[in-house]
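Notes follow once the structure below has been shown.
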Amino acid sequence: MDSDRARKITDAPPVALRRSLAAYFSDAELQTLAHDVGIDYEELPGQTKSAKIVHLIQTAARRGTILDLIALCQAERPNADWSAIHAAATANPQQFLRAPDETPPLLTASPDRALKIGIVLGALMMLLLACGFGGGLLAGQVVRVTLNPIQPDLDALGQVIIRIENQQFTPQGAGISFARAMQIIGNLPAGASFALQLDDVQATTIVAEVTKGRPDAPARDPHIRFLANGQITVNVRVRQLGDRRVALVYTARAEGGRIVITPASAWVNLVEVSNTTFGWFPLPQPDLDDVTRWAQAQLDAATRDFWFDDVTVGEDKLTLAGTKR
């Protein structure tokens, strides 16, 4: 490779890997790389090269072959500096499970355009305050929300741990699909204990399937993340708000054998300027109640055959433990 194409990696590792794959490899070469780590490039979701690269990285991370993929890149393009990416993947391969996306840029504009935008936003704020919105903003709470999209994946790997009578807990998740994991739990005899672990992609896929083609669903296009602080972030488009993006934060607990969700905060994107994190305001309580009630009803219906003893939220994972009714 020409020396001018060699560059030092300074981005976040997943972003750096995506950019490097896009810059240094053609579609045909990417297909070969994917094949060499056991991935069918043509079967990856997405119609564009950039979309397929995102799924190539995530799939390799899920299957435990992300280091192999990076090693192949190093062998094929030795003039590029892959050391930082390789070191990051060695230390924390889980970070490559997330969509490698950059933080949206801040809004920039000419002085005249900035003045016009300021006038419009000022008028909008007056309207919102008159209607009862934006009370939190008066207290100085400026909210910046960055959406890091998750692509639903029906083939995402699942893990289920089961215990039947006095047998030891047995892992059933090495390489099985999430659908298979759910099938195992569904076929358990009454009284059998289980623990099911979901990640961001699996949870997003489940909610996407539940809301797809449902005119009664108040929200669509979900992106779900599990955080280390025990919270669950849900980014969806709410129909009653003109399909505007809403950022919800929930907590979850086991109560009376059910999984109970409780909203912690909710913000709606009323002002969309390019791709910036701009224009988020408190979601009206009635709309939050509608979304929460519908989500809880769907959750109750889907889990009525199980008794849940524990719900634990951690970084990129949700663990549910209970017994089959």
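The values are calculated or read from the model by the stated rules, or taken from the named source; none is laboratory data. On a predicted model such as this, the values are computed, not experimentally measured, just so you know. Cβ coordinates were reconstructed from backbone atoms using ideal geometry, including for glycine residues, and neighbour counts include every protein chain displayed.
What pairs come up if the first residue lies in the range 221-232 and is modelled with pLDDT of 90 or more, the second is among the hydroxyl-bearing types (Ser, Thr, Tyr) and loosely packed, with under 15 Cβ neighbours inside 10 Å, and their beta carbons are under 7 Å apart, counting only those six or more places apart or on different chains? Partner pairs satisfying both residue conditions: none exist. Annotation: of all residues in the range 207-238 being in contact with a Lys or Arg (Cβ under 9 Å, 6 or more places away or on another chain) and small (Gly, Ala, Ser), the one that is farthest from Val313 (Cα to Cα) is Ala217.
Residue by residue, here is whether (1) among the aromatic types (Phe, Trp, Tyr); (2) closer than 30 Å to Asp309 by Cβ; (3) surrounded by 15 or more Cβ atoms within 10 Å (Cβ to Cβ) holds:
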site	(1), (2), (3)
Ala217	no, yes, yes
Arg225	no, yes, yes
Val236	no, yes, yes
Gln240	no, no, no
Asp243	no, no, no
Ala252	no, yes, yes
Ala264	no, yes, no
Val268	no, no, yes
